[in-house]
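The values are calculated or read from the model by the stated rules, or taken from the named source; none is laboratory data. Values in this document were obtained by computation on a predicted structure and should not be read as measured data. When we count neighbours, we look across all protein chains shown, and the Cβ atoms used for this are built from the backbone with ideal geometry, even at glycine.
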Amino acid sequence: MTAPPSGAPPPLTAELPGGGTLDLRALAERICARYRAEFPDEQERYGDAGVAWCIHDNQHLLNWAIIASNGFGGFEPKLAWLAGVLDARDFPLERLARDLEIAAAVVEDAGVAQTLLTGARFVANLATN
């Protein structure tokens with residue numbers, strides 16, 4: 001069974017490009033609820049630790065997308081790194097791409113949502129190559 005996340009915790013909040021703060025944990029929980037509803041087979045494969053990883057990774061993904069939306073870039077290299085880690089663990093990259101699409105639908109900031117969708121296309125391209 002999968003071990004729960006360890007090490008440094010992901011950020012809890014992030015500042016939007018136009019001002020305002022997002023609760024990354026609450027958004028990640030909403031993303032993971034939708035994601036798990038779409039992929040219920042993950043409960044058997046990853047157990048409850050899979051939910052914890054989903055929330056953990058989505059907090060990072062959201063933070064990275066917000067940093068990129070704030071003009072600091074670097075989203076695709078971080079996605080490539082995460083995709084490499086997940087691929088090495090036999091996690092289907094198509095599901096990471098779908099997770100980013102779900103995240104874009106959950107995030108209300110249009111700029112951040114567009115960054116997430118661009119990231120989904122990037123990961124989908126990695127998955128097919």
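Worth a mention:
- Candidate set from the stretch 85-110 (those that are among the hydrophobic types (A, V, I, L, M, F, W, C) and surrounded by fewer than 17 Cβ atoms within 10 Å (Cβ to Cβ)); member that is nearest to residue 38 (Cα to Cα): 105
- Of all residues in the stretch 60-72, those satisfying the criterion of being surrounded by 12 or more Cβ atoms within 10 Å (Cβ to Cβ) and of a type outside the set (Phe, Trp, Tyr) are 60, 61, 62, 63, 65, 66, 67, 68, 69, 70.
- Any chance residue 47 is part of a loop (DSSP other than H, G, I, E, B) and in contact (Cβ under 8 Å) with a residue 24 or more places away in the chain: no
- The lone exception for residue 77 - which of (1) surrounded by 15 or more Cβ atoms within 10 Å (Cβ to Cβ); (2) farther than 25 Å from residue 45 by Cβ; (3) modelled with pLDDT of 95 or more it fails: (1)
A quick yes/no check of all residues on (1) out of contact with any Pro (no Cβ under 9 Å at 6 or more places or on another chain); (2) within 17 Å of residue 59 (Cβ to Cβ); (3) of a type in the set (Gly, Ala, Ser); (4) not in a helix (DSSP H, G or I):
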{"residue": "90", "(1), (2), (3), (4)": "yes, no, no, yes"}
{"residue": "96", "(1), (2), (3), (4)": "yes, yes, no, no"}
{"residue": "99", "(1), (2), (3), (4)": "yes, yes, no, no"}
{"residue": "111", "(1), (2), (3), (4)": "no, no, yes, no"}
{"residue": "115", "(1), (2), (3), (4)": "yes, yes, no, no"}
{"residue": "121", "(1), (2), (3), (4)": "yes, no, no, no"}
{"residue": "124", "(1), (2), (3), (4)": "yes, no, yes, no"}
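- Residues (crowded, with 16+ Cβ neighbours inside 10 Å and hydrophobic (A, V, I, L, M, F, W, C)) located in the stretch 1-38: 14, 16, 22, 24, 27, 28, 31, 32
- Taken together, the residues in the stretch 1-37 that are at pLDDT 95 or above and either out of contact with any helix residue (DSSP H, G or I) (no Cβ under 7 Å at 6 or more places or on another chain) or among the polar types (S, T, N, Q) (or both) amount to 5.
- Number of the condition not met by residue 53 [criteria: (1) of a type outside the set (Ser, Thr, Tyr); (2) buried (at least 17 other Cβ atoms within 10 Å of the Cβ); (3) out of contact with any helix residue (DSSP H, G or I) (no Cβ under 9 Å at 6 or more places or on another chain)]: (3)
- Selection within the stretch 39-50 - out of contact with any helix residue (DSSP H, G or I) (no Cβ under 7 Å at 6 or more places or on another chain) and either buried (at least 20 other Cβ atoms within 10 Å of the Cβ) or hydrophobic (A, V, I, L, M, F, W, C) (or both): 49
- Within the stretch 96-129, tally of residues that are more than 30 Å from residue 20 (Cα to Cα) and under 12 Å from the mean Cα position of the chain (by Cα): 0
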